[in-house]
Structure formats: C-alpha cells, structure tokens
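Report on the following structure.
The values are calculated or read from the model by the stated rules, or taken from the named source; none is laboratory data. On a predicted model such as this, the values are computed, not experimentally measured, just so you know. Note that we place each Cβ from the backbone using ideal geometry, even for glycine, and neighbour counts take in every protein chain shown. Please note that ligands, DNA and RNA were not included when accessible areas were found on the heavy atoms of the full protein model with its side chains. Shrake-Rupley method; radii C 1.70, N 1.55, O 1.52, S 1.80 Å.
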Amino acid sequence: MTPTLRTIIVADSSSSLKGLLPSSAVLVVGEFRRSSQALHDGPARRPDLVIVDLPEEPTGGTDGPPARMVEALARTFPEAAVFAIGPSLSADFVIEIIRAGAVEFLRRPVQAGDLAAALEKLLRLRRPSQPVGRPGRITSVFSTKGGLGVTTVATNLAVCMAERAPGRTILLDLDTRQSDVATFLNLKHNYSVVDALENPDRLDASFLQGLVVRHASGLVVLPGPTRIERTQFSSEQVQTMLEVVRSQFDHVVLDLRHDLDPGTIAALEASDSVLFLTSLTVSALRSAAAGLAAFRHLGVTPHRVKLVIMREGTGEDVTLKHANDTLGLPIHWRTPSDYPTVVSAINSGEPVVTASPRSKIARNLRELAGGLFPKPGAAARPAAGRSAALTRLIWTTKEIPGEG
C-alpha cells in the first residue's frame, strides 16, 4: 500500500488543490492562508510535504518575495519536501525557487497529472531511506439503527483476533456517547477516543499508548468517553488518528455510531471491510436500504461492504430473499437469535465468546472472525448461507413487503 504523506497546504484557497490530491497517498494535516501562520503552527503537524501557492507578483506579497517564502519553509520543515506553485514566469524565476529549497515547481493552474507525477517521484525517493511497514487492516462494524448488536459483534470479533495476535489488535469505540465497549468488556479507563481526536498535534505512537487500556484477552482498547460529549469528530481528526493507529497495530476494529456524520464517514472510507448489520424486519431493512444508498453516494465501494443479518429466526414475515432483493447485496453472514446468552455476557462484562464458548452465538461469531481474519496460510471460511443466487452486487434499493 502507498505510504501516506502528511501534508500542509499554504494557499489563499486550498479547496481546489485538495481536490487534486489523492487520498490514498496524501493526508492533509494543516491548511494556512499565509506562510507566516504555517511557520508558527505547522511544525507540530510533523509534515512530510509542504505545498505553497506563491504570489502572482515576483516581488511577493504580505509574506515577502516568493523565494524568501520557500527558503523559510524549507528551513522550518527540514524533514519535509516543499512543492511550490506559481505563475508561468521565466526559467530564472523557477531556478530561483528551486535553489531556495523547493523540490518541485508546478505551474498554475496545477494539472492533476503534473501533481500526481511529482507525488510519485517524491514517494519513490523516500522509499529507500524511509521504509514503511504494511499498515494495519481496518474493519468497521456499522448499522443505521441502534440495538442490532454492533458493539456485541465488534467486541467479540476483536477479542477473537487478539487471542491470536495479543497486543497487535486494537478496538476503537468511535463515539461521543458513553462507552458501551468499556461496559461490555468491564474496563476502567481514564482516557478515551476523544482525547486522541482532540490532540492531533501530540498524537503519535507514544501518546496513543498512554491513552489505551488492555483487556485480559490481549486486546488493546481505546474506549469512548465516560460521559456524553457535545463535540463532533471531523473527518480530518479521524483520518489523522487512524493513520497513527494503523501504523502501530496489525488489526483495527472500529465500533461506529449509527449516524453518517463526518467522522463516521471518514472511518468508513478508511476501512478495508465494513460489516453492515441489519435484521429481518421491515423497519431495519428500510433503514439499511437508505444507508446503502448513502454509501453509494459517498463512494464506499460495494466489495468492501459485508452484509450481516442479525438474530435470524426471530420471525417469518420477512425472509432472506426479501433482504437480498431490498438491499441488492449478497448476505455475507447470519447470526442466530440467542438473546439470553448475549445479555448474560453483557451483564457480566465478558465477551460471549469466552463467557459461553459452547453457545450457538459464540461459535457463530468465532467462525465469522475466522473468515474475516484467517490464520496465515489458512483459507478463509466461506460465508454462511451464501449461494450463487446471492453473488450479484447491485447498488439499488427496491420495495420490500409492506407492513402487516
């Protein structure tokens, strides 16, 4: 996977430039209208790349001549590469900018191909001296309705994985409401995901280790807050946190809130797999259909979405065929209805896979984990109940049987 360049943009308006930057290779960690602001506040962002849009006039503007701006940025960010964007002036001007410390000069208006070529060159030059390990795999658990078992699935999957990779699996409770993860795992914690998200300038491996708590299974946990917080996570906050987290852990499991707010959307976009939970009821399927339509609009590709039917067998009015026809996705997994066993495990603060290991739900969740995270050299288990009729991927929503 392509390494991510932590990037600062210095420009009067950075929106058009951001649209040209590939999210797979670039993470924007700072935007400044003036270079003086970047010089003051930028070092804490630890950028790999600084992109500066130079003034139109060769004599410069408020921040001085263009060459002086580039020189100051190159001196302040010695570990970062500087890309300069400027007008199509003389070759002497371009040489002056390069001599001041820029590694690339891009003529305005910037062409996407030119920028992509410059980024590829930079990444190629960085690889020999800065080898990047394989980033951790992110698995999100999500539903559009509460009460379907998102936290139950997330905690048990994470515990199953942690048993095989102690200390290399982390569970994040990406919510501003009181942490259910801490309740389900009987954890006491002083810090939460809010502390990580509100300190992007300090967030590194050392700071992260000071925030997490450890479960007896070997699972590392960053819980939600101990009380309801009014703050809302931004996409930039979540992107920055996940970049750090996935560089430190092999497996990252996200327990997501049920709203498509900016932070949740950023988490979904960063995920390698999304377990989308629903159930065989009219209201749940209609809600899921709306959520999948939003996924399509957001560009969340269907091959990453794994549909999970929760508590199968609780009714006969709505069937698996109704679910498949309504949602237009193959059913990846089905869990049995075992409410008393699950509630007993929650009340005891223990994952159901260890509290009642012989129960149907515990065996089912272990099999799901085995298919999602197969042991090295082992073939992944086929999804339960999948058939050839369910292999089509159609991003449309259809009518489901009416209520009644």
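A few points about this structure:
- Whichever aspartates and glutamates have a C-alpha closer than 15 Å to that of LYS360, once near sequence neighbours (fewer than 8 apart) are set aside: GLU312, ASP338
- Förster radius 56 Å - calculated FRET efficiency between ARG168 and ASP317, Cβ distance, rounded to 0.05: 0.80
- Tilt relative to the chain, helix 360-372 - C-alpha long axis, 0 to 90 degrees, to 10: 30 degrees
- Inter-label distance, nm, simple model (7 Å from Cα along the C-beta direction), THR226/GLN37: 3.7 nm
- Shape class for the chain, computed from the alpha carbon gyration tensor (a ≥ b ≥ c): prolate, with a/c not under 1.5 and a/b above b/c.
- Share of carbon and sulfur in the accessible area of the chain stands at 49%, probe radius 1.4 Å.
- Separation in nanometres of the label points that stand 7 Å from Cα toward Cβ, at GLU367 and GLU198: 4.4 nm
- For the Cα trace of the range 202-273, dividing Rg by the Kirkwood Rh returns an Rg/Rh value of 0.94.
- Helix-only mean residue ellipticity at 222 nm for the chain, each DSSP H run of n ≥ 4 adding -39500 (n - 2.57), per residue, nearest 500: -11000 deg cm²/dmol
- By average C-beta atoms within 10 angstrom, highest first, the peptides 234-246, 186-198: 234-246, 186-198
- FRET efficiency, 1/(1 + (r/R0)^6) with R0 22 Å, evaluated for ARG358 and ARG304 via beta carbons: 0.10
- Shape of the range 226-341 from the C-alpha gyration tensor: prolate (a/c of 1.5 or more and a/b above b/c, with a ≥ b ≥ c the square roots of its eigenvalues).
- Inter-part distance, the range 21-92 to the range 235-278, computed on C-alpha centroids, equals 30 Å.
- Per residue, the accessible area of the chain comes to 47 Å² when a 1.4 Å probe rolls over the protein heavy atoms.
- Helix 66-76 and the longest principal axis of the C-alpha atoms of the chain enclose an angle of approximately 50°.
- Extension reserve of the VAL244-SER283 stretch, reckoned as 0.36 nm per residue once the Cα distance is removed: 10.3 nm
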